[in-house]
Amino acid sequence: MSKPIVAVVGRPNVGKSTLVNRLAVNRDAIVHESRGVTRDRSYHDCDWNGREFTLIDTGGIESIKSKDVFAPRIREQALAACDEADVIVFVVDGTVGVTDEDEEVARVVRRSGKPVFLCVNKLDDPNQDLNAWDYYSLGVGEPRGISAGHGHGTGDLLDDVVAALPPEDDDEPEERDEGVLNVAIIGRPNVGKSSLTNRLAKRNRSIVSDIAGTTRDAVDIHIDWKGNRIRLVDTAGMRKKTQVHEDVEYYSLVRGLQAMDKADVCLLVVDASVGVTEQDQKLAGMAIDRGCALVIVLNKWDLIDTDEKRDAVVQSLDQRMTFCRWAPSVNVSALTGRATDKALAAAVKAAQNHRRQVKTSELNRLVTAIRESGHTVTYKNRRLKVHYGTQTGSEPPVFTFFCNAPDLVDDNYERFLENRLRETFDLEGTPVRLRFRRKDV
């Protein structure tokens, strides 16, 4: 069954992400003393006394009059979290007292009609008195003092939150994660990753802006597409490490790498109006090193309006991506919706090939044909002879070949063998791993 949802809301910098990390017993949510670090809403699994639920970490809700360019969209994401939540945890800063922004948030959560727990955070001394009367003015129930940083009061909070969740339905079968295709949307800053995510999800799930670096956390969303259950993860834009100056941006980079580690397929979004850059090349290499299937998405194709521009994009793709010619490329426009379904189709096919199992008999027919062709490696008086091969792994496919002299295998022979494998078997979109072991005959 689907897990109940608990939304953590409040104005900026009251410790929402710290509380989420404390309750979820992990450090998935980015925490920093800077105001407004969290922008999109992010989801985190939580378990308390055997009851599982999902925590939503939201951006700080600011006044409608705020001058922050992201404030309206952060507010929109937080309101969406309240709408889908079963229970709301409203966090305020106990070192400051009630502010106008707290009253603004209180009006939002009162309108939701959901159970609300008012948490006065940053009371690090458990013996510190809570001036409760100040917080009753918010009109959302009894305040409770907690310290997200030290954990004081969080156990009692979890007890009450779990008690307020809707009852479990034992008759409904649980959703199994193994049936979900994990797709990470990666790329440089401002290439259209969030726009593509929203287009594929058919709703505004990620905040979109012309300002590079808008997305900071890895944002995930579940969709159903032609019978396939897909988890899309919109990651923060990844710059060269030498260009990462802010702590927040560094942690965003780490979250993006973690998303790649968990992904079955990476959609590498490239700005077609710029062409494939060195950083795009490095991101593709990072995805391949992590064993992910790969699809190159050339976004902003609506800006490619001349043959010269098209030829320039194709040339940059050929020059930069020679090491992964097996990765399909799709021309899309997230702005207009042009061909975005083709990106999902390519991802699904790449995932199927990522899991592909090649029969040993078919693989050895190829080995025999290569051996009979005479193509091999010789060094001095030694000659490489491949006896047979078998697939020893998948996701990505791993092929082990038994031969008389593994030390004779060079890069040229590996590329030759990989090309023959790809010509014979449908391995589009997935990297392959080749292993060579000694077999004396």
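So the values come out like this:
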{"read-out": "Inter-label distance for Thr378 and Asp411, nm, one decimal - labels placed 7 Å from Cα along Cα-to-Cβ", "value": "2.4 nm"}
{"read-out": "Cα gyration tensor shape of the stretch 401-441, rounded if a/c is under 1.5, else prolate or oblate by comparing a/b with b/c", "value": "prolate"}
{"read-out": "Efficiency of FRET from Cβ geometry, Asp83 and Asp125, R₀ 35 Å, rounded to 0.05", "value": "0.45"}
{"read-out": "Cα-based shape type of the stretch 263-352, given that a ≥ b ≥ c are square roots of the gyration tensor eigenvalues and the cut on a/c is 1.5", "value": "oblate"}
{"read-out": "With all protein chains modelled, accessible area of Ile5 [1.4 Å, Å²]", "value": "30 Å²"}
{"read-out": "Filter on Lys202/Lys309; Lys300/Lys342; Lys193/Lys282; Lys3/Lys114; Lys193/Lys342; Lys385/Lys439 - keep pairs with C-alpha separation over 19 Å", "value": "Lys202/Lys309"}
{"read-out": "Radius 13 Å from Cβ of Gly374, net charge of other residues (Lys, Arg +1; Asp, Glu -1)", "value": "+2"}
{"read-out": "For the stretch 354-441: accessible area per residue (Å², 1.4 Å)", "value": "59 Å²"}
{"read-out": "Lys3 accessible area, 1.4 Å probe, all protein chains in place, Å² to nearest 10", "value": "80 Å²"}
{"read-out": "Projected area averaged over orientations for the stretch 350-441, convex hull of C-alpha atoms, nm²", "value": "5.7 nm²"}
{"read-out": "Separation in nanometres of the label points that stand 7 Å from Cα toward Cβ, at Lys359 and Leu335", "value": "5.1 nm"}
{"read-out": "Additional length obtainable on full extension of the chain from Glu142 to Glu428, 0.36 nm per residue less Cα span", "value": "97.1 nm"}
{"read-out": "Thr360, Thr400, ranked by accessible area, largest first (probe 1.4 Å)", "value": "Thr360, Thr400"}
{"read-out": "Antiparallel %, DSSP beta bridges [both residues in the stretch 261-342], to 5", "value": "10 percent"}
{"read-out": "Under the Karplus curve 6.51 cos²θ - 1.76 cosθ + 1.60, θ = phi - 60°, whole-Hz ³J(HN,Hα) for the stretch 154-161, x wherever Gly or Pro sits", "value": "6, x, 5, 4, 5, 4, 6, 4"}
{"read-out": "Which of His222, His44, His387 is most accessible, then next, and so on - probe 1.4 Å", "value": "His222, His387, His44"}
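The values are calculated or read from the model by the stated rules, or taken from the named source; none is laboratory data. Here the structure is a predicted model, which means the values were calculated and not measured. Reconstructed Cβ throughout: ideal geometry from the backbone, glycine too, with neighbour counts over all protein chains shown. Only protein heavy atoms, including side chains, enter the accessible area calculation; ligands, DNA and RNA are left aside. Shrake-Rupley method; radii C 1.70, N 1.55, O 1.52, S 1.80 Å.
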